[in-house]
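A short worksheet on the structure shown next.
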């Protein structure tokens, strides 16, 4: 049992081409064995039939003469035994003139059974071997029987030679088949070996420093199945490559995000700590000076609270499976835009706002608080990045499938190099101005995330004198 187990383990560890070649050889061996057995059986049957036919012809030619001579001397053939038996009281007695072996018991038994009909039988004669015996009645009335026995040694020798020739021929054919099959299989499996080599190249590639996977399975041939496997293999590698690149970019964004967040939080914390120190030293001084320091502390605290709120919102939007970021209800679009416009006009009187014609009776499935935050951030962005007196326009349009919101301003526009990064977190087109106005660089990032969470898109078009943010939201969420 252990030996079989070791053989089985060795078989499993062997290469696929070797296993296929050996399996093909085993199958061929079974086929050869079946074919050889059938051929030997057919040949042996044919030789037996010829021997029986020869015995029958010899006896038929002798019967007339033996009848006239009343059991005379039968004809002799080389290596054969031939004799006339008289069966009396169930016992066969050989007559003179015949050729008999020393032990006649087997022939006598055949003669005893052939007094009324022909008998054809294979018997074993002591010290002589196997013989094919035919007995036929000569004179049924007197129970006279002719018995002829032909040796089967020549027939067996011919069959043995045939078996030997078949074994040698089949072994040679099997050896050629296994060797040639192994070579053909090795050539046929070469594309698989190439793909294995490609996989080893990828395994040896250090993905911690470079996530690119430049290697691909480049070989050709191998048939439709191998070509399909090669295509799937390359598609998998391309998917892994893109996934690794995306992961690297995500890690880079995460590192940049952490660095920017740390920097943005450190600035108000430093200011708060500085004003707190000043407040401690000025606690016994004039009340007006203390109030000024407290006002600065409150201002920096509020700025830090806005930053933390935006960071928490972005985190929830990035992982919606942990906490649903939106609470969808029916929102009247015209009422929402009107409220956002009135709030902007009251808080930013230096920027005249005009509201275009609003679609009536449009109800949108959205989170009213977050959608209002989108409009507030876009309007605040227009006010922060344009000089006082710049006109701002808020408009909306609706169709059966979507709602389009537009916030436009007549300011200096956005530089082309900044448009690609304007929605990146902590990115500022004008760092000094946005810091002076309390900006964190997260407003447009929050807008993009909220719009995406609603299943919509946002676009920006900007030329000197005209900048438009276009938000498209589906009216019915699936």
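The values are calculated or read from the model by the stated rules, or taken from the named source; none is laboratory data. This one's a predicted model, so the numbers in the text were calculated from it and none came from an experiment. With ideal geometry, Cβ positions are generated from the backbone for all residues, glycine too; neighbour counts draw on all protein chains shown.
One line per residue, one yes/no per condition, for (1) assigned to a loop (DSSP other than H, G, I, E, B); (2) more than 19 Å from residue 449 (Cβ to Cβ); (3) at pLDDT below 70:
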| site | (1), (2), (3) |
| --- | --- |
| 276 | no, yes, no |
| 280 | no, yes, yes |
| 284 | yes, yes, yes |
| 291 | no, yes, no |
| 296 | no, yes, no |
| 302 | no, yes, no |
| 321 | yes, no, yes |
| 325 | yes, no, no |
| 338 | no, yes, no |
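Scanning the range 400-415 for residues that are out of contact with any strand residue (DSSP E or B) (no Cβ under 6 Å at 6 or more places or on another chain) and under 18 Å from residue 365 (Cα atoms) gives 400, 401.
This table checks each residue for (1) modelled with pLDDT of 90 or more; (2) surrounded by fewer than 18 Cβ atoms within 10 Å (Cβ to Cβ); (3) in a strand (DSSP E or B).
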| position | (1), (2), (3) |
| --- | --- |
| 365 | no, yes, yes |
| 379 | yes, no, no |
| 389 | yes, yes, no |
| 396 | yes, no, yes |
| 400 | no, yes, no |
| 423 | no, yes, no |
| 471 | yes, no, yes |
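Can residue 194 be described as in a helix (DSSP H, G or I) and either within 30 Å of residue 51 (Cα to Cα) or modelled with pLDDT of 75 or more (or both)? So residue 194 does not fit the description; no. Scanning the range 340-363 for residues that are farther than 14 Å from residue 407 by Cβ and part of a strand (DSSP E or B) yields a single hit, 363.
Note on the range 126-144: residues that are buried (at least 18 other Cβ atoms within 10 Å of the Cβ), at pLDDT below 90 and in contact with a helix residue (DSSP H, G or I) (Cβ under 7 Å, 6 or more places away or on another chain) amount to 1.
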